[in-house]
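S.K.: Below you will find the structure I want to go over with you.
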Amino acid sequence: MSIEGKVITISGASSGIGEATARLLADKGAHVVLGARRTDRLDAIVKEIAAAGGSARSRALDVTSRADMEAFVAFAEREFGQVDVVVNNAGVMPLSPMAAGKVEEWDRMLDVNVRGVLYGIAAGLPRFKRQGFGHFVNVSSIGGLYVVPTAAVYCATKFAVRAISDGLRQENDDVRVTVISPGVTTSELGSDITEPSARAMMDDYRKIALGADAIARAIAFAIQQPADVDVNEIVVRPTASPN
């Protein structure tokens, strides 16, 4: 029951849940490989992890590019010899009523939240099958459990993450698959909301937000289980959350 020595890739690692997860897993002895578009932020996090005695690398990553994701996971494998865990964490949440017609934002959510996870699976699964082991941790949301106004498309993407993850689990008895479904969490998720009513709703909702470290601890719990234990889903909400 140890994380020490595991090679773990993390997308969306420049802030929020991804950053908190990278820091916690590195502190527990993992070799963490951070991916995101903001390389300056990644570089700063890697330096801080190294200064604290941890092992970390980073690489620019656009999860909407299959080639980029493949190169990211291949980079981790070259650096550390194998990949044990792929954390598909990158996500966007530009909420709006469907009548607002923000089709470009719908497309962006589909690209990042669904294709990004699929591309992470496509990069990691062949390596896991060759090794005979591996672990996907796919970050969904409580929005993958039920739908609320302004979040129809976002929720659809997170329902998809749960469906994809369970199908992946059923098809592969040598690969572990965990879905992490956070409630409202302190992060940059939702900072791209452009519709005023949705932004006001989210600002109010965030008053009870959990720190990102709470989600990082849930991810660490799933990873550190023995090889024959697959924690399939963890839902983490603020105690004060009404739903």
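S.K.: Within segment 58-134, which GluC sites (Glu not before Pro) sit in a loop by DSSP and count at most 13 neighbouring Cβ atoms inside 10 Å?
M.R.: In loop regions of segment 58-134 (DSSP not H, G, I, E or B), there are no sparsely surrounded GluC sites (Glu not before Pro).
S.K.: Can you give me the distance in nm between label points at Asp174 and Leu145, each placed 7 Å from the Cα along the Cα-to-Cβ direction?
M.R.: 3.4 nm
S.K.: I'd like the FRET efficiency for Ala50 and Arg130, computed as 1/(1 + (r/R0)^6) with the beta carbon distance as r and R0 of 30 Å, rounded to 0.05.
M.R.: Using R0 = 30 Å, I get an efficiency of 0.50.
S.K.: Right, next: Return the FRET efficiency for the residue pair Met98, Gln225: r is the Cβ-Cβ distance, R0 is 30 Å, and the value is rounded to the nearest 0.05. Mind showing how you got there, number by number?
M.R.: Details: r = 40 Å, r/R0 = 1.32.
Calculated transfer efficiency: 0.15.
S.K.: Give me the Debye-computed log₁₀ of I(q)/I(0) at q = 0.30 Å⁻¹ for segment 77-118, equal point scatterers on Cα only, no solvent, two decimals.
M.R.: -1.00
S.K.: Simple spin-label model, 7 Å along Cα-to-Cβ: Ala152 to Asn243 in nm?
M.R.: 1.6 nm
S.K.: Quick one: order Ile180, Ile17, Ile49 by neighbouring beta-carbon count within 10 Å, fewest to most.
M.R.: Ile49, Ile180, Ile17
S.K.: Another question about this same structure. Among the chymotrypsin sites (Phe, Trp or Tyr not before Pro) in segment 65-166, which ones are in a DSSP loop with at most 10 other Cβ atoms within 10 Å of the Cβ? Mind listing them?
M.R.: Of the chymotrypsin sites (Phe, Trp or Tyr not before Pro), the ones in loops of segment 65-166 whose Cβ has at most 10 other Cβ atoms within 10 Å are Tyr146.
S.K.: Moving on. Expressed in whole Å with the largest first, what are the equivalent ellipsoid semi-axes of the chain derived from the C-alpha gyration tensor as the square root of 5 times each eigenvalue? Each step should come with its number before you reach the end.
M.R.: Numbers: eigenvalues 153, 72, 63 Å².
Result for the chain: semi-axes of 28, 19, 18 Å.
Any read-out appearing in this document is the output of simple, stated calculations on the displayed coordinates, not a laboratory observation. Predicted model only: the values in this text are computed from it and were never measured. Here the Cβ is made from the backbone with ideal geometry for all residues, glycine too, and neighbour counts use every protein chain on show.
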